[in-house]
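The values are calculated or read from the model by the stated rules, or taken from the named source; none is laboratory data. In this text, all values refer to a predicted model and were calculated from it rather than measured experimentally. Reconstructed Cβ throughout: ideal geometry from the backbone, glycine too, with neighbour counts over all protein chains shown.
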Amino acid sequence: MTMIPTVVPPLPTKNRWHRFLAPADAFTWLAKGWQDLTVQPMTSLCYGLLIFLASLAIVGGIFRLGWDYILFPAFAGFMVVGPVLAIGLYEKSRRLAAGLPVSLASMIFVRPRCGGQILFAGILLCLLMITWMRAAVIIYALFFGLVPFPGLEHIASMLFTTPVGWATLIVGNAIGGLFAAFSFTISAFSIPMMLERRVDAFTAMGTSTALVWNNLPVMLTWGAIVLALFLLSLVTGMVGLIIVFPVLGHGTWHAYRAVADEAAI
């Protein structure tokens, strides 16, 4: 009689993506971001000023071209490409931790270890932003039809006082939330990782996704902090970006160092 061999189930493997971090650790990253800002503050503030002026120029161009219907999707898209724009701030935090000299030139003319892969990642994030902006236009057309955009002075009444407007808000926020969640997971750590390590864009984005998913409580807290401070910047007419953007950029570097250690690669 043939004996059936005993099958021993495999032992569970260690989750190498999980870090024992509490949601409150996100506020520690924010505090460290502020500390990096206060070291040679003019470099970070000048960097934030450049981001503010670029944002102001883009918004002005949108109004000048009569494209005000994409203004709100453009603001949302800023958060998609924001991690790429903050690479100079990551470089400053990296240099401070390594005891290297810091200058505005070193923050603008960054040489990432991954080479051109970081440019490829930036292109992918820009394509994601363009897709989201196009999706927002399609959602508007599906609910309101092929009618001209009424202008910013009338959009609030259209959205908040009609059933169609509420349906547009619900569907738009749901789809926008999916875009935001996807962009956050792939970019939260991928850009800092490509700055510091010789890794390709897809590996960095996949690693970022794994780290975000396996440390969800603290990363949701960090995402909420980023969103709240960005909305605060919009309330100030984007002037707040001069301070908020550097703080978040430096804080993101410390989030990366806390979560994506060498064992994660």
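Key figures
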item	result
All positions within region 225-265 that are surrounded by fewer than 18 Cβ atoms within 10 Å (Cβ to Cβ), within 14 Å of the chain's Cα centre (by Cα) and without any contact (Cβ under 8 Å) to a residue 40 or more places away in the chain	ALA228, LEU231
Residue within region 169-176 that is at pLDDT below 90, in contact with a Leu (Cβ under 9 Å, 6 or more places away or on another chain), under 26 Å from VAL110 (Cα atoms) and surrounded by 13 or more Cβ atoms within 10 Å (Cβ to Cβ) present	no
Unique residue being surrounded by fewer than 16 Cβ atoms within 10 Å (Cβ to Cβ), touching a residue at least 24 places away in the same chain (Cβ under 8 Å) and among the aromatic types (Phe, Trp, Tyr) when the list is PHE182, PHE109, PHE189, PHE160	PHE182
Pairs where the first residue, in region 114-141, is at positive phi and of a type in the set (D, E, K, R) and the second is modelled with pLDDT of 85 or more and loosely packed, with under 14 Cβ neighbours inside 10 Å, C-beta under 8 Å, 6+ apart	none
Selection count, region 38-57, where residues are farther than 12 Å from PHE245 by Cα, surrounded by 15 or more Cβ atoms within 10 Å (Cβ to Cβ) and either free of Cβ contacts under 8 Å to residues at least 40 places away in the same chain or in contact with a Leu (Cβ under 6 Å, 6 or more places away or on another chain) (or both)	1
